[in-house]
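Let me begin by presenting the structure, written as structure tokens, before commenting on it.
The values are calculated or read from the model by the stated rules, or taken from the named source; none is laboratory data. Remember, predicted model here, so these are calculated numbers, not experimental data. Every residue, glycine as well, gets a Cβ built from its backbone with ideal geometry; the counts of neighbours run over all protein chains shown. Note: areas computed on protein heavy atoms with side chains; ligands, DNA, RNA excluded. Shrake-Rupley method; radii C 1.70, N 1.55, O 1.52, S 1.80 Å.
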Amino acid sequence: MGTSNMTGKVALVTGGTKGIGRAVAEHLLAAGGSVAICARTEADVRAAEAELGDRALGIVCDVADAGACERMVEETVARFGWLDILVNNAGLGIFKPLREMSVEEWRLQIDVNLGGVFYCSRAALPHLSASGDGFIVNIASLASRHAFHGGTGYNASKYGLLGLTEAMLLDVRYDDVRVSIVMPGSVDTYFNGREQVPERTWRLHVDDCAAAVVQLLSYPKEAHVSRVELRPSQPPRKA
């Protein structure tokens, strides 16, 4: 295996102010990289940027806006000079059965969870290819393979993300860009309004997901782990 030394590498992490994205940014910085993070809220972006330090850049961006994604990529390259890694982490979930979900709620999940990955990846691709060893890591979910009640929009977006990832992999492999997907199960994070707790629980920790991302990036260019499924070791037994 290669090394997790990210010195000289530049990464862009969407949804990087908290949760999994924040943990990924912290791990990449700890390994010596430089990181741009984004979120939709100015206050969150500025607070995270200050906490992460001099090798971090905070950008306000709604990934559902294709133009905003293009500007974010260009701002990242303008600051750091190039781009090696894109981590598409931004996402949201609205959990309602079909009859209760509005058209606006449906579109929002598809636009953010699926459209945002396409917009950011498309904007970043020329820079990732130019780096000679580019990498796109899409953060999805086990909901990309397992449907559940109330997952009409969320499952659709995550199943779509798995298909998008696998097709993108084939599209760009000869452009010196690898594409992988990380699919965690239950994670102790802020997702869907749940509070993240400091102590370890049965759920996955955000650092587990970040470690998976860094491990993917550590493989030599000639090797490619395209999918990681990450589960809690001992979830509560079903009655």
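In the stretch 70-88, the count of residues that are touching an Asp or Glu at 6+ places or on another chain (Cβ under 8 Å), over 23 Å from ALA212 (Cα atoms) and not hydroxyl-bearing (Ser, Thr, Tyr) is zero. Within the bounds of the stretch 194-201, is there any residue that is β-branched (Val, Ile, Thr), open to solvent by 40 Å² or more (accessible area, probe 1.4 Å) and in contact with a helix residue (DSSP H, G or I) (Cβ under 6 Å, 6 or more places away or on another chain)? Among the residues of the stretch 194-201, not one is β-branched (Val, Ile, Thr), open to solvent by 40 Å² or more (accessible area, probe 1.4 Å) and in contact with a helix residue (DSSP H, G or I) (Cβ under 6 Å, 6 or more places away or on another chain), which makes the answer no.
Looking across ALA123, ALA210, ALA130, one residue alone is touching a Cys at 6+ places or on another chain (Cβ under 7 Å) and small (Gly, Ala, Ser). It is ALA123. Residues that are closer than 24 Å to MET6 by Cα, of a type in the set (Ser, Thr, Tyr) and out of contact with any Lys or Arg (no Cβ under 8 Å at 6 or more places or on another chain) are absent from the stretch 177-193. Note on the stretch 165-184: among residues that are open to solvent by 40 Å² or more (accessible area, probe 1.4 Å) and part of a helix (DSSP H, G or I), the one that is nearest to ASP208 (Cα to Cα) is GLU166. Which of (1) without any contact (Cβ under 8 Å) to a residue 60 or more places away in the chain; (2) touching a Phe, Trp or Tyr at 6+ places or on another chain (Cβ under 7 Å); (3) not basic (Lys, Arg) does GLY93 not meet, given it meets every other one? All conditions pass for GLY93, except number (1). Inclusion of ALA56 among residues that are closer than 26 Å to PRO126 by Cβ and among the small types (Gly, Ala, Ser) is warranted. The set of residues in the stretch 207-239 being of a type in the set (D, E, K, R) and open to solvent by less than 50 Å² (accessible area, probe 1.4 Å) consists of ASP208 alone. Here the condition is being closer than 19 Å to ALA140 by Cα and surrounded by fewer than 22 Cβ atoms within 10 Å (Cβ to Cβ); of ALA64, ALA11, it holds for ALA64 alone.
Looking across the stretch 74-108, the residues that are closer than 30 Å to TYR219 by Cα and more than 15 Å from the chain's Cα centre (by Cα) come down to GLU74, GLU75, THR76, VAL77, ALA78, ARG79, PHE80, GLY81, TRP82, LEU83. Inside the stretch 1-35, can you point out the residues that are in contact with a helix residue (DSSP H, G or I) (Cβ under 8 Å, 6 or more places away or on another chain), in a loop (DSSP other than H, G, I, E, B) and either under 15 Å from TRP82 (Cβ atoms) or not polar (S, T, N, Q) (or both)? Within the stretch 1-35, MET1, GLY2, MET6, LYS9, GLY15, GLY16, LYS18, ALA31 meet the criteria. For ALA43, the criteria (1) without any contact (Cβ under 8 Å) to a residue 24 or more places away in the chain; (2) buried (at least 17 other Cβ atoms within 10 Å of the Cβ); (3) in a helix (DSSP H, G or I) hold in every case but one, which is (2).
Filtering the stretch 110-138 down to residues that are touching an Asp or Glu at 6+ places or on another chain (Cβ under 6 Å) and over 15 Å from ALA11 (Cβ atoms), which residue is surrounded by the fewest Cβ atoms within 10 Å (Cβ to Cβ)? Out of the qualifying residues, it is GLY132.
In the stretch 216-235, which residues are in a loop (DSSP other than H, G, I, E, B) and hydrophobic (A, V, I, L, M, F, W, C)? Selection gives ALA223, VAL225. Looking only at the stretch 67-100, which residues are in contact with a strand residue (DSSP E or B) (Cβ under 8 Å, 6 or more places away or on another chain), open to solvent by 30 Å² or more (accessible area, probe 1.4 Å) and either among the charged types (D, E, K, R) or within 24 Å of ILE181 (Cα to Cα) (or both)? Those that are in contact with a strand residue (DSSP E or B) (Cβ under 8 Å, 6 or more places away or on another chain), open to solvent by 30 Å² or more (accessible area, probe 1.4 Å) and either among the charged types (D, E, K, R) or within 24 Å of ILE181 (Cα to Cα) (or both): GLU75, ARG79, TRP82, GLY91, PHE95. The lone criterion from (1) at negative phi; (2) more than 18 Å from the chain's Cα centre (by Cα) left unmet by GLY53 is number (1).
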